[in-house]
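To start, the structure under review is shown below, and the notes come after it.
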Amino acid sequence: MNEKDGNQQRTSPPNQTSGGKVNRRGLLRVLGLTAFGLVPLPVLPRVLQAARGGAPTTRADAAAARTVDGRIRQWTMIIDLRYCDGCQSVGKPPQCTAACIEGHFAPEPMEWIQVFEAELPGEGTQFIPTPCQQCQNPPCVNVCPVAATFSTPEGTVLIDQNRCIGCRICMAACPYDRRFFNWGTAPTPPEARLADYSAEHQVPVKKGTVMKCDFCPDMARAGTLPYCVQGCPHDAIYYGDLEEDIATNGSVIVAASRFLSQNQAYRLKEDLKTKPRVYYIPGHGEAVGRDPFTKGRQTTTWPWIERAKGARVWKR
Amino acid sequence: MSTRERLERAALAPILQTSRAYYVWVAFLLAVIGWGVYAYSVQAREGLVVTGMRDRISWGLYITTFVFFVGISHAGTLISAILRVSQAGWRTPITRMAEFITTVALICGALFVIIDLGRPDRVLNVILYGRWQSPIIWDVLAITTYITASIAYLFLPMIPDLALFRDRLAGRVAPWRTWLYGVLAVRWEGNSTQWRTMGAAITVAMILIIPIAVSVHTVVSWIFAMTLREPWNSTVFGAFFVAGAIFSGVATLIIVMAILRKVYHLEEYITEKHFRYLGYLLAAFGLIMIYGNLSEFVTTGYKLEGEEEFHFRQLFLGQFAGLYWYYFLGGLVAPGVLVLLPWTRNIWGIVAASVLVDVAMWVERYFIVVAGLRVPLMPYEPSNYAPTWVEWSIMLAGFALFALLISVFVKVFPILAVWEIAEEQEREKEPVARRPATEPALAGIQE
């Protein structure tokens, strides 16, 4: 039936249309098809590149850090809450956050490691410094439509701000409130603009993209501790490698697994099975003499507001 | 004048006569859109900082409006496809309008996703680096499929009417129209082979489009339900969103139908019966929505796990209580009452019910998005969200664009499915079970 229909159609039109009309129509058709074919050309190289697996954006292309015998390091953080008093004794805003902001030029109002004050049973409070939890089953990575946020072999979660489209579904997906958006041109000091961008070192900031704690793997590889670990006045934060089972706060070296199990370590929202790489040892600053009934901490400040020209400040 | 002539005249009228009021209306819509474009240019320059969204409530009016538009796009599918499948003859005068709404609403909805992006310049990344594990990609796939399918489904049954336009309007209208109808009528002559082929195509399209439409609103809900947010963590979300979509789709269709009926004097074809039947559908879906609310909130509310208590307080007693109770009482209960009480079961009553429903469904999408994000995840004071003038302007421009596209559509394409109505009129005349030889749907099924 269809074939017959086709034959009918094919034979009838020439009788109805004049030769000139067919020519004009044919010409228009060729022109239209040419235009249609030319339109995608500008993006073709990018499509081909993407198809070949190469990415035109800056990824964390540094080779993963390895132990002496060649195993890939698995970065971890252990935060000993017995030693965290929210910097009450220092009389300053939390120094882990301050050091992180200084080191990363983290734009206002982003606290990549934020010190939350949580209620304890009873009236008292505890302070919980909270970086990105570096989940091994990361909800943010699962939902990203363009693989702008991704897990690395070292077990960290990074964001490629050159690929991020700013849809913010990762922010909806993160159960720890650890993702921040560049709603505008964030205030950063002028020198930040000179930095070489990498997903492991998110400077300079890019408007309309998501940012968060990157766990400083570049610093760890170079043999230094992350800014927050360095900044803590009470050495409450340990950073290390689960593969070699070692962690340090800068003055003491511990065997990570033993340290965790002997001190009843836990992870935030363990029941969500996100498998964070950040562990907590329960406490409320008692080891540095904090009374849990002394509430409050000082507010974080960003040092370069005056020097950031044209920036628009917003609140979280 | 025969019935057929009157019908053709009614279908051709919007193309042949254009009143001054129409130009004023279009100018008004263009002004609203222009203002929205200005607002968007501010957003493009400054970034999303000009909106009320912030890190903790990171979606707002744009995503609300996106979900709402995708919702009302279900008008066409329901009326046209489901009623066509069930061979409900009364649908014929309103199918075309329903299909218009579907296509136009989808275009507007898709636009709002892009407006919401922090980096609209990188929207192509979705194709270049798309990961099928992401609910956003499911949405891109579902919505583009749905747009394609609904355009095809709008076009297929329109071919005989386009051919009618081509034949009746030849030489009476601007050359671009003659050309357009000539091209779009795809050499339709109305011979029996063509009728059969088109019938088969419509049959395939109408069956295909139903699962596509259901999938679209299901994956829209999964953007929310695939996150670890307590208020969104619901297995009923997909079904609930689909029901809400059809609910608001029917309401939108009733409103558009009432306006076009008044403006283009279609009283002969769109009668109170159509409003009544759609009103019944509206009431039925209102009941489904009430049931959906019950089954979602009773199961979570009985246990009040985790942060549910916070959510319940803000939704039923606190910040969102006004919106929620308007939605529940004004948007689900009241429209049902308006439709079911005999003395309000008339065109005015049903249109009023539809307006209530549409507003309520937008409000529902709003508090699903905003209240869902407001539940604190860590020990911090809950944030608040207040849309800015930029967001309101862009949203209004979106609705103006919807209205404009409908207004332009009715000036270009036949708003009545002439051949379907004619067929139905014939069938009504001779109720002795004899279908016309050219009945396409039947022919399609027989193949």
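The values are calculated or read from the model by the stated rules, or taken from the named source; none is laboratory data. Computed from a predicted structure; not experimentally measured. Because the Cβ atoms are built from the backbone with ideal geometry, glycine has one as well, and the counts that use them run over all protein chains shown.
So, in the stretch A:159-181, exactly how many residues are more than 7 Å from chain B (Cβ to nearest Cβ) and more than 12 Å from the chain's Cα centre (by Cα)? Break it down stepwise before answering.
Restricting attention to the stretch A:159-181, the residues satisfying the condition of being more than 7 Å from chain B (Cβ to nearest Cβ) are A:159-162, A:170, A:174, A:178-179.
In the following step, the residues that additionally are more than 12 Å from the chain's Cα centre (by Cα) were identified as A:162.
Adding up the residues that qualify gives 1.
It is to be established whether one or more residues within the stretch B:55-78 are at negative phi, surrounded by fewer than 22 Cβ atoms within 10 Å (Cβ to Cβ) and of a type in the set (A, V, I, L, M).
yes
Among (1) modelled with pLDDT under 95; (2) more than 8 Å from chain B (Cβ to nearest Cβ), where does A:ILE113 come up short?
Checking A:ILE113 against (1) modelled with pLDDT under 95; (2) more than 8 Å from chain B (Cβ to nearest Cβ), the one that fails is (1).
Of all the residues that make up the stretch B:317-351, how many are among the aromatic types (Phe, Trp, Tyr), out of contact with any helix residue (DSSP H, G or I) (no Cβ under 6 Å at 6 or more places or on another chain) and either under 30 Å from B:GLY372 (Cα atoms) or in contact (Cβ under 8 Å) with a residue 60 or more places away in the chain (or both)?
So the first thing to find is which residues in the stretch B:317-351 are among the aromatic types (Phe, Trp, Tyr), and the list is B:320, B:324-328, B:343, B:348.
From what is left, the residues that are out of contact with any helix residue (DSSP H, G or I) (no Cβ under 6 Å at 6 or more places or on another chain) are B:325-326, B:328, B:343, B:348.
Now restrict to residues that are either under 30 Å from B:GLY372 (Cα atoms) or in contact (Cβ under 8 Å) with a residue 60 or more places away in the chain (or both): B:325-326, B:328.
Counting residues in the stretch B:317-351 that are among the aromatic types (Phe, Trp, Tyr), out of contact with any helix residue (DSSP H, G or I) (no Cβ under 6 Å at 6 or more places or on another chain) and either under 30 Å from B:GLY372 (Cα atoms) or in contact (Cβ under 8 Å) with a residue 60 or more places away in the chain (or both) gives 3.
Do any residues in the stretch A:92-117 that are over 18 Å from A:PRO187 (Cα atoms) have Cβ atoms under 7 Å from those of residues that are of a type in the set (Phe, Trp, Tyr), where the two are at least six apart or on different chains, and which pairs are they?
A:VAL115/A:PHE127; A:PHE116/B:TYR380; A:GLU117/A:PHE127
Given the residues A:THR185, A:THR209, which is the only one that is surrounded by fewer than 24 Cβ atoms within 10 Å (Cβ to Cβ), touching a strand residue (DSSP E or B) at 6+ places or on another chain (Cβ under 8 Å), over 29 Å from A:ALA247 (Cα atoms) and in contact (Cβ under 8 Å) with a residue 24 or more places away in the chain?
Numbers: A:THR185 fails: touching a strand residue (DSSP E or B) at 6+ places or on another chain (Cβ under 8 Å).
Step by step, each of A:THR185, A:THR209 is checked, and only A:THR209 is surrounded by fewer than 24 Cβ atoms within 10 Å (Cβ to Cβ), touching a strand residue (DSSP E or B) at 6+ places or on another chain (Cβ under 8 Å), over 29 Å from A:ALA247 (Cα atoms) and in contact (Cβ under 8 Å) with a residue 24 or more places away in the chain.
If you take the residues of the stretch A:212-243 that are among the β-branched types (Val, Ile, Thr) and crowded, with 19+ Cβ neighbours inside 10 Å, which of them is farthest from B:ALA44 (Cα to Cα)?
A:ILE237
If a residue must be touching a Phe, Trp or Tyr at 6+ places or on another chain (Cβ under 6 Å) and either part of a loop (DSSP other than H, G, I, E, B) or farther than 22 Å from A:GLN202 by Cα (or both), how many such residues does the stretch A:90-122 contain?
Qualifying residue count, the stretch A:90-122: 4.
Kindly indicate the residue of the stretch B:350-370 that is small (Gly, Ala, Ser) and surrounded by 21 or more Cβ atoms within 10 Å (Cβ to Cβ) and also nearest to the other protein chains (Cβ to nearest Cβ) among those meeting that condition. It would help to see each step written out before you state the result.
The initial filter retains those residues of the stretch B:350-370 that are small (Gly, Ala, Ser), namely B:352-354, B:360.
After this cut, where a residue has to be surrounded by 21 or more Cβ atoms within 10 Å (Cβ to Cβ) as well, the list is B:353-354, B:360.
Details: B:ALA353: 34, B:SER354: 32, B:ALA360: 24 Å.
So, considering only residues that are small (Gly, Ala, Ser) and surrounded by 21 or more Cβ atoms within 10 Å (Cβ to Cβ), the one nearest to the other protein chains (Cβ to nearest Cβ) is B:ALA360.
Being assigned to a loop (DSSP other than H, G, I, E, B), modelled with pLDDT of 95 or more, in contact with a Lys or Arg (Cβ under 9 Å, 6 or more places away or on another chain) and within 25 Å of A:ALA65 (Cα to Cα) narrows it down to one residue among A:CYS132, A:CYS87, A:CYS140; which is it? Explain how you work it out, then say what you get.
Numbers: A:CYS87 fails: within 25 Å of A:ALA65 (Cα to Cα); A:CYS140 fails: assigned to a loop (DSSP other than H, G, I, E, B).
Only one candidate passes the filter, namely A:CYS132.
If you take the residues of the stretch B:7-58 that are among the polar types (S, T, N, Q) and over 30 Å from A:LYS207 (Cα atoms), which of them is farthest from the other protein chains (Cβ to nearest Cβ)?
Taking the stretch B:7-58 first, the residues among the polar types (S, T, N, Q) are B:17-19, B:41, B:43, B:51, B:58.
Filter once more, keeping what is over 30 Å from A:LYS207 (Cα atoms): B:17-19.
On the way: B:GLN17: 31, B:THR18: 29, B:SER19: 35 Å.
Result: B:SER19.
Of all residues being closer than 27 Å to B:ALA205 by Cβ and surrounded by fewer than 16 Cβ atoms within 10 Å (Cβ to Cβ) in the stretch B:120-140, which is farthest from the other protein chains (Cβ to nearest Cβ)? Just the residue, please.
Filtering first and then ranking leaves B:TRP132.
Return the residues of the stretch A:299-316 that are within 16 Å of A:LYS92 (Cα to Cα) and surrounded by 14 or more Cβ atoms within 10 Å (Cβ to Cβ); say none if nothing qualifies. Give the derivation first.
The first filter runs over the stretch A:299-316 and keeps only residues within 16 Å of A:LYS92 (Cα to Cα), leaving A:299-303.
Hits for the stretch A:299-316 are A:THR300, A:TRP302.
Report the residue count in the stretch A:160-172 for those that are touching a residue at least 24 places away in the same chain (Cβ under 8 Å) and over 22 Å from A:VAL115 (Cα atoms).
Qualifying residue count for the region: 8.
Of the conditions (1) within 14 Å of chain B (Cβ to nearest Cβ); (2) touching a Lys or Arg at 6+ places or on another chain (Cβ under 6 Å), A:LEU268 satisfies every one except a single condition; which number is it?
(2)
Inspect all residues belonging to the stretch B:294-301 and state whether any of them is closer than 29 Å to A:CYS140 by Cβ and within 27 Å of the chain's Cα centre (by Cα).
Within the stretch B:294-301, one or more residues are closer than 29 Å to A:CYS140 by Cβ and within 27 Å of the chain's Cα centre (by Cα).
Taking into account only those residues within the stretch A:282-303 that are touching a helix residue (DSSP H, G or I) at 6+ places or on another chain (Cβ under 6 Å) and β-branched (Val, Ile, Thr), which is farthest from A:LYS315 (Cα to Cα)?
Only one residue fits best here, namely A:VAL288.
Could you please let me know if B:ILE79 is under 20 Å from B:SER221 (Cβ atoms) and touching a residue at least 12 places away in the same chain (Cβ under 8 Å)? So that I can check it myself, show each step before the final result.
Working: under 20 Å from B:SER221 (Cβ atoms): no; touching a residue at least 12 places away in the same chain (Cβ under 8 Å): yes.
When the stated conditions are applied, B:ILE79 does not pass them.
Being assigned to a helix (DSSP H, G or I) and at pLDDT 90 or above is the filter here, so list the residues in the stretch B:15-25 that pass it.
Those that are assigned to a helix (DSSP H, G or I) and at pLDDT 90 or above: B:ARG20, B:ALA21, B:TYR22, B:TYR23, B:VAL24, B:TRP25.
Checking the conditions here, which among A:GLU154, A:GLU191 is farther than 22 Å from A:GLN114 by Cβ, in contact with a strand residue (DSSP E or B) (Cβ under 7 Å, 6 or more places away or on another chain) and among the acidic types (Asp, Glu)?
Numbers: A:GLU191 fails: in contact with a strand residue (DSSP E or B) (Cβ under 7 Å, 6 or more places away or on another chain).
Answer to the check: A:GLU154.
Would you check which residues across the stretch A:234-283 are polar (S, T, N, Q) and assigned to a loop (DSSP other than H, G, I, E, B) and list them?
Within the stretch A:234-283, A:ASN249, A:SER251, A:ASN263, A:GLN264, A:THR274 meet the criteria.
Is it the case that the stretch B:104-116 has a residue that's more than 25 Å from B:ILE394 (Cα to Cα) and within 11 Å of chain A (Cβ to nearest Cβ)? Write out each step before concluding.
Applying the first criterion (more than 25 Å from B:ILE394 (Cα to Cα)) to the stretch B:104-116 yields none.
No: zero hits.
Look through B:VAL204, B:VAL216, B:VAL236, B:VAL263 and report the one residue that is surrounded by fewer than 22 Cβ atoms within 10 Å (Cβ to Cβ) and either in contact with a Phe, Trp or Tyr (Cβ under 6 Å, 6 or more places away or on another chain) or free of Cβ contacts under 8 Å to residues at least 60 places away in the same chain (or both). Show your work before the answer.
Details: B:VAL204 fails: either in contact with a Phe, Trp or Tyr (Cβ under 6 Å, 6 or more places away or on another chain) or free of Cβ contacts under 8 Å to residues at least 60 places away in the same chain (or both); B:VAL216 fails: surrounded by fewer than 22 Cβ atoms within 10 Å (Cβ to Cβ); B:VAL236 fails: either in contact with a Phe, Trp or Tyr (Cβ under 6 Å, 6 or more places away or on another chain) or free of Cβ contacts under 8 Å to residues at least 60 places away in the same chain (or both).
None of the other options fit; the residue is B:VAL263.
Return the pair list, or none, for Cβ contacts closer than 7 Å from residues in the stretch B:369-387 that are assigned to a loop (DSSP other than H, G, I, E, B) to residues that are at pLDDT 95 or above and aromatic (Phe, Trp, Tyr), at least 6 apart or on different chains.
B:VAL375/B:PHE310; B:LEU377/A:TYR176; B:MET378/A:PHE116; B:MET378/A:TYR176; B:PRO379/A:PHE116; B:TYR380/A:PHE116
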